[in-house]
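All of the numbers you see were taken from the coordinates with simple rules; none came from a lab. These figures come from a predicted structure and were not determined experimentally. In this analysis, Cβ positions are derived from the backbone assuming ideal geometry, glycine residues included, and neighbour counts consider all displayed protein chains.
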Amino acid sequence: MKYGILAAIGLTATLGLPAFAANDPAGEVRTFGIVPQQSASRLAQMWGPFLNKLGEETGTTFRFRTAKDIPTFEACLAEGAYDVAYMNPMHYAIFSEESGYRAFARQADKRLKGIIVTRKDAALDDLSGLENAQVAFPSPGAFGASILTRAALTDMGVDFEPAYVNSHDSVYRAVAAGLMPAGGGVMRTFNATSAEIRDELTIVYETEAFTPHAFAVSANADADFTADMQQAFLRIAEENPELVSGIGMVGLQIAADGDWNDVRALEMSHEESGILQEGELTCPSD
């Protein structure tokens, strides 16, 4: 049955974020959490058509969920608050172990790199020019944009002061406005930011590549639901590629837990990763 169409937009009680309401109250409803790399309104605009189609394909209504920032999203992952979640590689390496999330899909033919951007008119020949500078990052636990880029600067012996500005888009805006000399991001969000901002920036460094973000189900998901999700993702990628490009991807493929062993091989602790390090964070409830 194809009854789970996400047709209406409302507000969540606690976060004031866009949310998709069920068209058929008799249908199954599950939450779909998206890592807040961009603003909630932008994410809802990007992901709404995809989640709508996913609901049709699986007979499930998916309620869009994100968080005000990445650390709060991490707190929700720690609680297993999302039935399905799109999370970064380090999130998956940690919360597959601690909260029981299990990957079922990922972007096809993709490796994730962190990037460091500056203004096009910046006189920055190499990263040593960031010595003793403030550098913008989305959050401590953003894998490509923060963890990998911070590690690259540290490995090069560059002393810098991290400034966490909540989202990838906020990084790009801060650098474009000249408020920060440089910032960390990833290619997907860099390409998805507004042309007006992007045209002010240039990429000066790329990190090593790793397995990209995971689509994962919670520990409570049964095997049938997971299999339905995998097949629905493949059908959408084949039959509706415009919906996949709408979320900034060129394809989707089935994933297995072991795909993220390259991230686990970094052997980063919570403290080293920066995940869930900002005080007593809790996951908001509806």
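Listed values, structure above:
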| item | result |
| --- | --- |
| Per-peptide average of other Cβ atoms within 10 Å, ordering 264-270, 101-107 highest first | 101-107, 264-270 |
| Between the stretch 144-164 and the stretch 209-226, the Cα center-to-center distance that results, in Å | 29 Å |
| Separation in nanometres of the label points that stand 7 Å from Cα toward Cβ, at SER128 and GLU161 | 2.3 nm |
| Residue-span extension gain [THR154 to ASN261] - 0.36 nm each, minus C-alpha spacing | 36.2 nm |
| Estimated [θ] at 222 nm from DSSP helical runs (n ≥ 4, -39500 (n - 2.57)) normalised by residues in the chain, nearest 500 | -9000 deg cm²/dmol |
| Cβ-based charge dipole, the chain, positive-most Cα from PRO284, VAL158, MET90 | PRO284 |
| Sequence-separation-based contact order of the chain, relative, with Cα cut under 8 Å and 6+ spacing, percent | 25 percent |
| Among 85-97, 56-68, the order from most to least packed when residues are scored by Cβ within 10 Å on average | 85-97, 56-68 |
| Matching label, Cα extents along the principal axes in Å computed from the structure shown, candidates [x] 59, 39, 37; [y] 59, 56, 40; [z] 60, 56, 33 | [x] |
| Using a Förster distance of 30 Å, the FRET efficiency for GLU206-THR282 (Cβ separation, nearest 0.05) | 0.25 |
| Distance in nm between pseudo-label sites at VAL250 and ASP199 (7 Å out along the Cβ direction from Cα) | 2.5 nm |
| Top of VAL217, VAL35, VAL165 by mean-square fluctuation, Gaussian network on the chain, Cα under 10 Å | VAL165 |
| Spacing of the two label points (7 Å from each Cα toward its C-beta) at ASP121 and GLU239, in nm | 5.1 nm |
